[in-house]
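The values are calculated or read from the model by the stated rules, or taken from the named source; none is laboratory data. What you see is a predicted model; the values in this text were computed from it and never measured. Note: ideal-geometry Cβ built from the backbone for every residue, glycine included; neighbour counts use all protein chains shown.
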Amino acid sequence: MREPAKAQLGAIADNRVIGPITQTDIVRFAGAGGDFNPLHHDPEFVAKSGFPGVIAMGQMQAGILSGWLSDIFGVENVRSFGVRFVAPVFLGDTLTVGGTITAIAETDGETRAEIDLTVSGTKGPVVTGSATAVVAKD
């Protein structure tokens, strides 16, 4: 088991940059998750839907965010994780994944950090969320 990460109120954990997002990225995630909605791979269908191009499934960005969270804080230290999808991700978008520690408190005998999470795309936030993770005492 990894030791909890050190955390400071207001600190921004190391951001991660992913992309640009390719059709291969989307197809690989569709295969892993079983999401074969034509919005993610069929340009003719997408053109009729009103979107300007193929979009990545929201769970792909949530998965990228959860991977970042567990890499920084350790999956065994994550106590809660939730997301909200706020905008689509298109082919060619580059994503920046990160979070800010908004509170640190003792809960159930553990020091826990509350973390505001964001995945931003080329034109702004695409996923927002929050998490709670056990952290090391200062």
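Going through the range 100-113 one residue at a time, which ones are of a type outside the set (A, V, I, L, M, F, W, C) and either surrounded by fewer than 19 Cβ atoms within 10 Å (Cβ to Cβ) or in contact (Cβ under 8 Å) with a residue 60 or more places away in the chain (or both)?
Within the range 100-113, the subset of a type outside the set (A, V, I, L, M, F, W, C) is 100, 102, 106-112.
Within the range 100-113, 100, 102, 106, 107, 108, 109, 110, 111 qualify.
Okay, residues lined up against (1) under 21 Å from residue 94 (Cβ atoms); (2) in contact with a Gly (Cβ under 6 Å, 6 or more places away or on another chain); (3) surrounded by 12 or more Cβ atoms within 10 Å (Cβ to Cβ):
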{"site": "34", "(1), (2), (3)": "no, no, no"}
{"site": "38", "(1), (2), (3)": "no, no, yes"}
{"site": "41", "(1), (2), (3)": "yes, no, yes"}
{"site": "44", "(1), (2), (3)": "no, no, no"}
{"site": "52", "(1), (2), (3)": "yes, no, no"}
{"site": "64", "(1), (2), (3)": "yes, no, yes"}
{"site": "70", "(1), (2), (3)": "no, no, yes"}
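Within the range 87-115, can you find the residues that are under 16 Å from the mean Cα position of the chain (by Cα) and in a strand (DSSP E or B)?
89, 90, 95, 96, 97, 98, 99, 100, 101, 114, 115
Which residues, counting only those in the range 1-29, are under 18 Å from residue 67 (Cα atoms) and at pLDDT 90 or above?
15, 16, 17, 18, 19, 20, 21, 25, 26, 28, 29
Kindly indicate whether residue 84 is of a type outside the set (A, V, I, L, M) and not in a helix (DSSP H, G or I).
Spelling it out, residue 84 is indeed of a type outside the set (A, V, I, L, M) and not in a helix (DSSP H, G or I).
Could you grab me the full set of residues in the range 86-138 that are farther than 22 Å from residue 63 by Cα, at pLDDT 95 or above and among the small types (Gly, Ala, Ser)?
103, 105
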